[in-house]
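Below: the structure, in structure tokens.
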Amino acid sequence: MELSRDAIERLLDTWPVARLATLRADGAAAIVPVVFVRSEERIWLPVDDKPKREPAARELARVENIRRDPRVALLLDQYEADWSALWWLRLDGNAQLALPSAPGFAAAAEALRKKYPQYRETALFRTGAAPSLLALQPKRITSWAASSELVEFLS
């Protein structure tokens, strides 16, 4: 059963974490957990100062992947031992690296700081790098929920 439009909007506005899938140069999927915010019909993801696997001087693999191939998928989901409570929401689209001059950048940065109080302690932008965010323009949204009661609850 598909999620309702109200449920999708609520989840995009409130759900705390998702998984971002990009494509590596060899065509393999690269999947990482991310935080995000919906602002001005796009989904924005920070390129923040949380500790990363890559050295600070290197561009993040997800950014390199998006520069090479902008096709991405973003998955929000919930797993429960009670399978009647399962749901997922997937956004397929294109992403790009956005700089402060991009339309919607300032509003998205403010929305990220508001949604995640952790950005009071952690820098929203990587130290030593130009401030940037990833901007995802959804082209297709698909979803599933285990029951109509769950769809009602999420709406």
Picked from the range 122-152 (must be touching a Ser or Thr at 6+ places or on another chain (Cβ under 9 Å) and loosely packed, with under 14 Cβ neighbours inside 10 Å), the residue farthest from residue 80 (Cα to Cα) is 152
I'm checking my understanding of the structure. Among residues of the range 8-66 that are among the small types (Gly, Ala, Ser) and modelled with pLDDT of 95 or more, which one is surrounded by the most Cβ atoms within 10 Å (Cβ to Cβ)? 18
Complete set of residues in the range 99-116 that are more than 26 Å from residue 143 (Cβ to Cβ) and under 16 Å from the mean Cα position of the chain (by Cα): 105, 109, 110, 113
Could you please let me know if residue 82 is surrounded by fewer than 12 Cβ atoms within 10 Å (Cβ to Cβ), closer than 30 Å to residue 5 by Cβ and without any contact (Cβ under 8 Å) to a residue 60 or more places away in the chain? yes
Residues being among the basic types (Lys, Arg) and over 17 Å from residue 72 (Cβ atoms): count how many of those fall in the range 8-31. 1
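The values are calculated or read from the model by the stated rules, or taken from the named source; none is laboratory data. Small disclaimer: the values here were computed from a predicted structure and weren't measured. Every residue, glycine among them, receives a Cβ derived from its backbone with ideal geometry; neighbour counts consider all protein chains shown.
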